[in-house]
1. Is it true that Glu130 is surrounded by fewer than 18 Cβ atoms within 10 Å (Cβ to Cβ), over 17 Å from the mean Cα position of the chain (by Cα) and either of a type in the set (Ser, Thr, Tyr) or assigned to a loop (DSSP other than H, G, I, E, B) (or both)?
2. When you check Val159 against the structure, is it aliphatic (A, V, I, L, M), assigned to a strand (DSSP E or B) and in contact (Cβ under 8 Å) with a residue 12 or more places away in the chain, yes or no?
3. What are the residues in the range 144-155 that are surrounded by 11 or more Cβ atoms within 10 Å (Cβ to Cβ) and either in contact with a Pro (Cβ under 6 Å, 6 or more places away or on another chain) or in contact (Cβ under 8 Å) with a residue 40 or more places away in the chain (or both), if any?
4. Take the range 119-133 and flag every residue that is more than 16 Å from Val187 (Cβ to Cβ) and either out of contact with any strand residue (DSSP E or B) (no Cβ under 6 Å at 6 or more places or on another chain) or at pLDDT 85 or above (or both).
5. Does at least one position in the range 171-187 carry a residue that is out of contact with any Gly (no Cβ under 6 Å at 6 or more places or on another chain), at pLDDT 90 or above and among the small types (Gly, Ala, Ser)?
6. Could you please find all residues in the range 60-75 being without any contact (Cβ under 8 Å) to a residue 24 or more places away in the chain and touching a Gly at 6+ places or on another chain (Cβ under 8 Å)?
7. Taking the range 133-150, which residues are in a strand (DSSP E or B), out of contact with any helix residue (DSSP H, G or I) (no Cβ under 7 Å at 6 or more places or on another chain) and of a type outside the set (Lys, Arg)?
8. Looking only at residues that are under 15 Å from Met186 (Cβ atoms) and modelled with pLDDT of 50 or more in the range 210-227, which one is surrounded by the fewest Cβ atoms within 10 Å (Cβ to Cβ)?
Amino acid sequence: MFGSRQNWRSHTRLDELLKLSGHLAHGGKLLACTLALAGVLFFAGSSSASLAQDAGLRELYGGLLEVELPTDYEEMRITEMERTFPSLPLPDYVYSDRIRTNLVAISIINNPNPDVDLLTYTATWARSLESQLEGFSWVQRKVARIEGRPWIVWQYRAVTPDLTEGTTTSETIMFMSILSKDVMVMVLGHAPQIFFNKNINLYQQAVTSLNLSIDAPQLSGLQGAVR
């Protein structure tokens, strides 16, 4: 499913994330973040470009993380994101094509309840997705080893609104890797179903290019990051 990459950066100073203050609270945002992305986005029904275009590295969290995305993808700004996700918590980074038919989101997420492990937390999240998204169906749920790191992979379909005030079936894939007992990283790809398969390589490349250290230090205590 995933090709090998030679430029996996295994020496990222993820420990520096521990020094950042809690300006953005991630722990309780996991469910609402995904519901916003999967159920509230208003997509136009036009084609999105696949990864045939040029790609470049984007710096996240002040350069502590990097991800490879198409060079013409735009970061959704706070004002735009507030309009797109009304009254809902936001992921840290969302990039989209210019016509907003395809997006990739990346976020560091904290466990909101230290008495519950992250696997239990994500299981509860899965049940919430099943009950709250119209026309919800699983495409796959599995654990995959990607570049030596285990990732939880979820892929599902649901009915979402579009710009014509109608609805469309969209597809979402989520990659989640647990960095410590309290912290995980999430990469999410989302598009209307008719365009989703054209973009699957883009989502996979975002995961394989993410420069997480295989031997990352424990990140428990991370509360947020300054943008």
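1. Criteria not met by Glu130.
2. Answer is yes for this residue.
3. Ala144, Ile146, Glu147, Arg149, Trp151
4. Passing the criteria: Leu119, Thr120, Tyr121, Ala123, Thr124, Ala126, Arg127, Ser128, Leu129, Glu130, Ser131, Gln132.
5. The answer is yes, given that some residue of the range 171-187 is out of contact with any Gly (no Cβ under 6 Å at 6 or more places or on another chain), at pLDDT 90 or above and among the small types (Gly, Ala, Ser).
6. Scanning the range 60-75 gives a single hit, Thr71.
7. Ser137, Trp138, Val139, Gln140, Val143, Ala144, Pro150
8. Per the stated criteria, the residue is Leu212.
The values are calculated or read from the model by the stated rules, or taken from the named source; none is laboratory data. Treat the numbers as computed from the prediction; the structure is a model and nothing was measured. Cβ: placed from backbone, ideal geometry, glycine included. Neighbour counts: every protein chain shown.
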